[in-house]
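S.K.: Got a structure here, written out as structure tokens. Questions coming.
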Amino acid sequence: MNNSAGNTARLIGAGLRALLVLTLVCGVLYPLAVTGVAQALFNNKANGSEIKDKSGNVVGSSLIGQRYDLPKNDPDDAEEAAKPDLKWFQPRPSNGLGSNSVNTQYSLILSGATNKAGDNPDLVKLVTDAKEAVVDDNSTATHKVRPQDVPADAVTSSGSGLDPNISPAYAELQVHRVAERNGLDVKRVEELVADHTQGRTLGFMGEPRVNVLELNTALKALTEN
């Protein structure tokens, strides 16, 4: 009996020592080491890829898209449709989960796509209406946008509905409108887009892209000079 109790005590003691050691290694030392390496070598990414304005204020993350809308007439009216503030470059649509989703405004609660077929009537109407809006919004007195010039990412959401990037073609399509709304020269806005156009990752992965938040942050700095 005493021998059995002693064996049990030794097993419990060994288990507690193993728990203590593993807690120290896996719960303290390892997280501290990973955090230290991340902060030392990848500080910006480890802290959420934050983007700051010229005053040093954090305005968002380069990994998550956001909308640029005019203030609502009634902030408490959930039924009032948001209208884009056309002095800014606009992101791609974010209603990938449909009109009944919580993710119609780049909400971070969840993300996903519609999974609707290309000939789905609701999806066709959504894309058709979006194309008409893009043409109307981006046509100016001196520059008319043609429907055939509207790129796919201007009228469709990404798989996550949170894409922070747009294609160079969509950014360039918005140049005349942004220049007019901000009283800037078209060439200067074109240069701004070119400066913020990123090529394919490692030269062959993905597609060229423009981060909308980074572009609009630079646009704000330009208009405030």
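Read the figures in this text as sums done on the coordinates, not as results from a lab. Please read all numbers here as calculations on a predicted model, not as lab measurements. Cβ coordinates were reconstructed from backbone atoms using ideal geometry, including for glycine residues, and neighbour counts include every protein chain displayed.
S.K.: Quick one: Cα convex hull volume of the stretch 2-45, Å³ per residue? Walk me through the intermediate numbers first.
M.R.: On the way: hull volume 1.6 nm³, N = 44.
Measuring per residue, one finds 36 Å³ for the Cα hull of the stretch 2-45.
S.K.: Moving on to the next point. If you fit an axis through the alpha-carbon atoms of helix 121-138 and take the longest principal axis of the Cα set of the chain, what angle between them do you get, 0 to 90°, nearest 10?
M.R.: Helix 121-138 and the main axis of the chain meet at about 60 degrees.
S.K.: Can you give the Rg to Rh ratio for the chain, taking only C-alpha atoms and Rh from Kirkwood?
M.R.: Computed over Cα atoms, the ratio is 1.20.
S.K.: At residue 16 and residue 142, where each label point lies 7 Å from the Cα along Cα→Cβ, what is the point-to-point distance in nanometres?
M.R.: With each label point 7 Å from Cα toward Cβ, the separation is 8.2 nm.
S.K.: Given the -39500 (n - 2.57) contribution per DSSP H run of 4+ residues, what per-residue ellipticity at 222 nm results for the chain, rounded to the nearest 500 deg cm²/dmol?
M.R.: When only DSSP H runs of four or more count, the value is -13000 deg cm²/dmol.
S.K.: Between residue 33 and residue 72, what FRET efficiency comes out of the Förster formula 1/(1 + (r/R0)^6) with R0 = 45 Å and r the beta carbon distance, rounded to 0.05?
M.R.: After rounding to 0.05, the efficiency reads 0.40.
S.K.: Compare 130, 33, 194 in a GNM of the chain, Cα atoms joined below 10 Å, and give the one with the largest fluctuation.
M.R.: 33
S.K.: Just to confirm the number: angle between the C-alpha axis of helix 30-41 and the first principal axis of the chain, 0 to 90 degrees, nearest 10?
M.R.: On a 0 to 90 degree scale, this one is about 40.
S.K.: What does a probe at residue 42 reach in the stretch 53-73, counting residues whose amide N is under 16 Å from the point 7 Å along Cα→Cβ?
M.R.: Only 62-64 pass the distance filter.
S.K.: How would you order 144-154, 160-170 from highest to lowest mean count of nearby Cβ atoms within 10 Å?
M.R.: By packing density, highest mean first, the sequence is 160-170, 144-154.
S.K.: Angle between the Cα long axis of helix 186-195 and the longest principal axis of the chain, 0 to 90 degrees, nearest 10?
M.R.: Tilt relative to the chain: about 20 degrees.
S.K.: Amide H to amide H, which residues 5 or more places from residue 61 or on other chains are under 5 Å from it, using H placed in the peptide plane?
M.R.: Counting only residues 5 or more places away or on other chains, the set is 51.
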